[in-house]
Amino acid sequence: MARKIILDVDTGSDDAVAIMMALLSNDIDVIGICSVAGNQPIENTTENTLRVVQALGKKVPVYRGAREPLVKSMFPERFIKGAKIVNDRIYDADGKEIKIHRDYLDLPKATIQEESICAAEFYLQYLRNAKEKVTLVLVGPLTNLALALMMDARIVSNIEEILIMGGGHHITNSTSAAEFNIWYDPEAAYKVINCGAKVTLVPLDATHEACVTEEDCKALEQLGTLAGKFACELCRQRILIHNAMQPLDIPDAAAVHDALCIAYLIDPSVLSDIEHVHVDIGFYHRAEGQTIIDQRYYTEDKNCYFAYHADRHKFVKLLMDTFR
Ligand code: RIB
Ligand code: CA
């Protein structure tokens, strides 16, 4: 029986790989896709999401979500990243700037339309009336679900699990303390992690282990499918940025963060060392967006599951099998 999910994305290059994997997997039934501002403004992430759904010829509704975090935008100083990340720009041989998330995905403009209701409304309508529980897979900032939970916390009763690409214990990216999805909207992250549903975090510690190499990109391209070729293009772009700004243990490799969440739904053994822990969210100054794990013997009440490790070879095989 395919697992019913709602996908929440800030499409983005790795979001696009995750969307394709979810739409093409026989093990997953995508009820709807919610866009959110994050990697790009909401106009871009919504358009990019529509382009991916259209390119695969799938009939899955897309719901436009929040254009800014719950409250953080009121405090611009909280967006100050580590100087290194903001100032560095990467250019290819032709002098063209390379971004890990292009403004618009290199796919035909969307002619399919987004739905009339917004993401938070969709969460409320669907979860209030669902006949069976559904898994929420959030791979961008957690703003949409936080809004819905603030409007009607009863929706938790129809949530099977909340699977989040977010956080980092030994590894961060946006700042020395934080991973981007949590850092972009820490208040939303706090509300979602503590909503009472089962929450599983897939952090950078795991996604950096489940990386793809140039060899894997070649294999994806040789599949000869649209998804394989597009995933190859996206991952090659990501390898350039990782090499320049965040080299992994394996040379010429890239994390495909969001796709690891989908891989976990298909084969849970792709993640390991999943521990039930208490995670706090850091706010302000250097702690902004940090996922703080309580490692004391007498910890605070445990509020989520944290996946410390992933299996690279299983992840790549799941990518290849799905995009074949
Ligand atoms: O930190 C990685 C996360 O931030 C991924 O979801 C990526 O798409 C960006 O949203
Ligand atoms: Ca994302």
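The numbers here are math on the coordinates, done by the rules we state, and not lab data. This one's a predicted model, so the numbers in the text were calculated from it and none came from an experiment. Here the Cβ is made from the backbone with ideal geometry for all residues, glycine too, and neighbour counts use every protein chain on show.
Key figures
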{"quantity": "Cα lying deepest toward the dipole's positive end in the range 167-285, options Ala197, Ser176, His208, charges on Cβ", "calculated": "Ala197"}
{"quantity": "Test item: Cα-centred dipole of the range 75-231, Lys/Arg +1 and Asp/Glu -1 on Cβ, debye", "calculated": "400 debye"}
{"quantity": "For Lys131, Lys109, Lys4, order by how many other beta-carbon atoms lie within 10 Å, fewest first", "calculated": "Lys131, Lys109, Lys4"}
{"quantity": "Positive-end extreme of charge dipole, the chain - chosen from Ala259, Tyr305, Leu226 (charges on Cβ)", "calculated": "Leu226"}
{"quantity": "Cα-based reach from Lys314 at 19 Å (exclusive), listing lysines while leaving out same-chain residues under 8 positions away", "calculated": "Lys218"}
{"quantity": "Candidate aspartates and glutamates for bridging to Lys58, where Cα separation is under 12 Å - those fewer than 8 sequence places away on the same chain excluded", "calculated": "Asp29"}
{"quantity": "Cα gyration tensor shape for the chain, rounded if a/c is under 1.5, else prolate or oblate", "calculated": "rounded"}
{"quantity": "Of all DSSP beta bridges in the chain, antiparallel share, percent nearest 5", "calculated": "40 percent"}
{"quantity": "Distance from the range 31-82 to the range 149-209 (C-alpha centre basis), Å", "calculated": "16 Å"}
{"quantity": "Exposure proxy order (Cβ contacts within 10 Å, fewest to most) of Ile281, Ile80, Ile266", "calculated": "Ile80, Ile266, Ile281"}
{"quantity": "Charge dipole magnitude, Cβ of K and R +1, D and E -1 - the range 216-324, Cα centre, debye nearest 20", "calculated": "420 debye"}
{"quantity": "Unit charges on C-beta of K, R, D, E only; dipole of the chain, Debye", "calculated": "540 debye"}
{"quantity": "Residue range of the chain that is longest and free of GluC sites (Glu not before Pro) which are both DSSP loop and sparsely packed (at most 13 other C-beta within 10 Å)", "calculated": "133-299"}
{"quantity": "Over the chain, relative contact order from alpha-carbon pairs under 8 Å, at least 6 apart, %", "calculated": "20 percent"}
{"quantity": "Distance violations [Cα-Cα > 27 Å] among Lys109/Lys317; Lys99/Lys133; Lys72/Lys99; Lys109/Lys191", "calculated": "Lys109/Lys317; Lys99/Lys133; Lys109/Lys191"}
{"quantity": "Residue exposure sequence - His169, His257, His276 - by fewest surrounding Cβ within 10 Å", "calculated": "His276, His169, His257"}
{"quantity": "Shape of the range 123-253, Cα gyration tensor, a/c cut at 1.5", "calculated": "oblate"}
{"quantity": "Euclidean distance of C-alpha centroids, the range 107-137 and the range 265-294, integer Å", "calculated": "26 Å"}
{"quantity": "Whichever aspartates and glutamates have a C-alpha closer than 16 Å to that of Lys229, once near sequence neighbours (fewer than 8 apart) are set aside", "calculated": "Asp14, Asp15, Asp106, Glu214, Glu215, Asp216, Glu221, Asp321"}
